[in-house]
1. Would you calculate a helix-derived [θ] at 222 nm for the chain, using -39,500 (n - 2.57) for each DSSP H run of n ≥ 4 and dividing by the full residue count, to the nearest 500?
2. Using the charge dipole of region 634-688 (Lys, Arg: +1 at Cβ; Asp, Glu: -1 at Cβ; taken about the Cα centre), state which of TYR673, ALA654, THR639 has its Cα farthest towards the positive end.
3. Say a site is exposed when it is one of the chymotrypsin sites (Phe, Trp or Tyr not before Pro), sits in a DSSP loop, and has at most 14 other Cβ atoms within 10 Å; what is then the longest site-free stretch of the chain?
4. Where does helix 557-575 land angle-wise versus the long Cα axis of the chain, in degrees 0 to 90, nearest 10?
5. Can you compute 3J(HN,Hα) from phi for each residue in region 31-40, using the Karplus curve 6.51 cos²θ - 1.76 cosθ + 1.60 with θ = phi - 60°, rounded to whole Hz and x for Gly and Pro?
6. Write out the trypsin sites (Lys or Arg not before Pro) in region 577-661 meeting two conditions: DSSP loop, and at most 15 other Cβ atoms within 10 Å of their Cβ.
7. Report, in whole Å, the centroid distance computed from the Cα atoms of region 519-567 and region 444-498.
8. On a 0 to 90° scale, report how tilted helix 8-17 is relative to the longest principal axis of the chain, with both axes built from alpha carbons and the result rounded to the nearest 10.
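The values are calculated or read from the model by the stated rules, or taken from the named source; none is laboratory data. Remember, predicted model here, so these are calculated numbers, not experimental data. Cβ atoms come from the backbone with ideal geometry, glycine included; neighbour counts cover every protein chain shown. What goes into the accessible areas is simple: the full protein's heavy atoms, side chains included, and nothing from ligands, DNA or RNA. Shrake-Rupley method; radii C 1.70, N 1.55, O 1.52, S 1.80 Å.
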Amino acid sequence: MSEVDWKIDDAENKGSHVEIPDVLPLLPIRDIVIYPYMMLPLFVGRDVSIRAVEEALSRDRLIFLVAQKNSAEENPSPEGIHGVGTIASIMRMIKLADGRVKILVQGLAKGEVGGFVRERPFFEVNIRKVVEPPLTEMSIEVEALMRTAKEKIEQILNLKNLPPEIVMVTDNISDPGVLADLVASNLRLKIEESQAILEIFDPIHRLKKVNELLSRELELSTMQARIQSQAKDEMTKTQRDYFLREQMKQIQQELGEGDERAEEIGELKKQIEKAKMPVEVKGEADKQLRRLEQMHPESSEASLVRTYLDWLVELPWSKSTKDNLNIKKAKQVLDDDHYNLEKIKERILEYLAVNKLRRKIKGPILCFLGPPGVGKTSLGRSIARSLNRSFVRISLGGVRDEAEIRGHRRTYVGALPGRIIQGIKQAGSNNPVFMLDELDKVGADFRGDPSAALLEVLDPEQNHAFSDHYLNLPFDLSNVLFICTANLLDSVPAALADRMEVLQLSGYTNEEKLEIARKYLIPRQLEDTGISTKYLEISNEATLRIIAEYTKEAGLRNLEREIASICRKVARKVAEGKDDLTRITRANVQSYLGAPKFLPETEQEQHEIGVGTGLAWTSTGGEILYVEASLSKGRGNLTLTGQLGDVMKESGQAAVSYARAHAKTLGIEADFYQKLDIHIHVPAGAIPKDGPSAGITMATALISALTRRRVSRDVAMTGEITLRGRVLPIGGLKEKSLAAVRAGIKTIIIPDRNEKDLDEIPKPLRRKLRWVVAKNMSDVLKVALLDSGTKTVKTRRRVNARRRFNARGRKAPLRTKRPLRKHHRERAIPLRP
């Protein structure tokens, strides 16, 4: 409204008296639509437009102003110009120094383009003057429309704090068409909307359209005013707080009290100096401190910078604990805490010895691999104690976000460093023993793969400059002794497993469990339950029975629970006043722990045809596995049952193929596979089983059934079979040997390549067993199959002893003792290669 003036009375008089010719020069205008009775200045710069102005001045000073369809077009064609415009009078013209012309124009009336007379050197058109329909009388609807428009204009002006003179102009207008043109010219409309209003010739329809636009403008103005008010209130509050804070500073200075902020900055400077950071880190800390000094203390950015500086100054950049280099003392600590585990103890002592000689070495990356409950986590704590280092443990079970390892970037709200840096801060030194527990339980999802982030952490060639996303600065992890634990390596990525030195922790033998229980578990549970050896005594035989019949595991957790159960029952007796000594023997264990939970596997009652004894590895130790083969007339179908996995089924097929290929050597009919159906079954059908190491057991049971030769019940076997009859190596030999001992089997057939693994088996166990090394299937059959008709002296005596005579003097049929029912846990039994 500041640049546009409205001369309504003069224009009406002038428009009524001025005679408008039929032909007028046309001036195409951009970015504006001019309405009748509107006065405003225009800048004319195009050559065509200047010539049109000069032509109008040379005639009667009248010119036709029409808006272009495309404002960006420099030289519009007749098609690029709207058909309706405003006939205007040029009131004044000024030539500018840059060649342009400034004219002051006043709209007189609307007009339509009848046709273009010429296009060069300027546009000249035929004009049809638009005569709006006269308003015969002021109806109630028209008056209501005009009053509504005026009220909305007044509201908009109040919201925008514009001068009230504009309201006075609208109050003096009685024509609805003029009012509509006035309002439309002052609203910030698009060119298309303004042109559309100009082309509405009916004043009532035009006023209705303008009312709609006024309603929209009023909503926008209300929203804008609300936003400005909120911003102003916030700004006023901030200024008020700042003013009061400055006053408080002045008062504190007058009272001689220190400035808290200055003290805080000074304290941070001292901490940065004290932290002895690397040069790069110190430079970043100083930079962030200068930023903090310049920030308002109450701003959100200041709190983020302060938190970041706190992390920098609290990390142990140069703090480290002094290693205990007394190797004998370290060995004593390890022996006090853990029984056996010689390999791991030896590896830690080797690290100590090299550190003692060289002083500066990179920390090893160790991985303790073994079943649950064998002491992997407690061993890490014991290693830290023997080295006199801090101990940090983080559990990786269920971690799926890569940011858990590397941290979040500081741009995120609530960002923190990753768990590696948090652990280092918790340890308070840059050379702790850092345990990454349950490495094989790490997951991955859309947020990234944590195991990929661990590649840098667990690589001695890279971790000297580990960069956390939050710190964004290198931290030296090369002095850290990383220890990972896992139950299986199958789920650990190959690249990550390659970076670690894997140390295997096998399950314990019964004798080892007895020793551990006697030295560690029983004393600990006596202390935890508040009783002493004065009230409870557990014999070795009782402990061995608990191990054999109440637990079935490679580790010691369930054994400790059973011992704790006995201790609690005795503690209750003591608390009730019965302070006499309670002796736990093999005979009375059942009265404290109830019926046995597991019965050990026993050997077969006699040598049988088609039944072989195999050995299986499980995550809780080893088990014996019977394989049964049965033949029936048929067409050569092979059936494999017992919930077997694909690999185990393939072992059964390989056994059949071996028997077919060596039928002549084995004394089997060459076409047996065409006349007989073969059924191989592995009992405990509810338990899933898989793995290749039952191959030779399946082949032995099948060949026994085909040759009608019995399989020795005193022999167990394990090994993978090939089509050529070669016996391939397997794993878990120690656990499988323990299973054979528990079942009373003394002879084990193993692959020749596993002979080297016999050194890993404890000497007490080795003395109880005899191993037969087999290179191919013929070696297995020589030991496992008995000659036809052969019956050992021991078996004859057992059979004779069971014969009884009936009342008629005839021998009663032989009654074999019913074997004990086998108890199994519901779990998969993978047979490891």
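1. The helix-only estimate for the chain comes to -13000 deg cm²/dmol at 222 nm.
2. TYR673
3. 1-411
4. The angle comes out near 80 degrees.
5. Karplus-based 3J(HN,Hα) across region 31-40 equals 6, 7, 10, 9, 9, x, 6, 9, 10, 7 Hz.
6. Passing sites in region 577-661 are LYS578, ARG586, LYS597, ARG635.
7. Using only Cα atoms, the two centres lie 39 Å from each other.
8. Rounded to the nearest ten degrees, it is 60.
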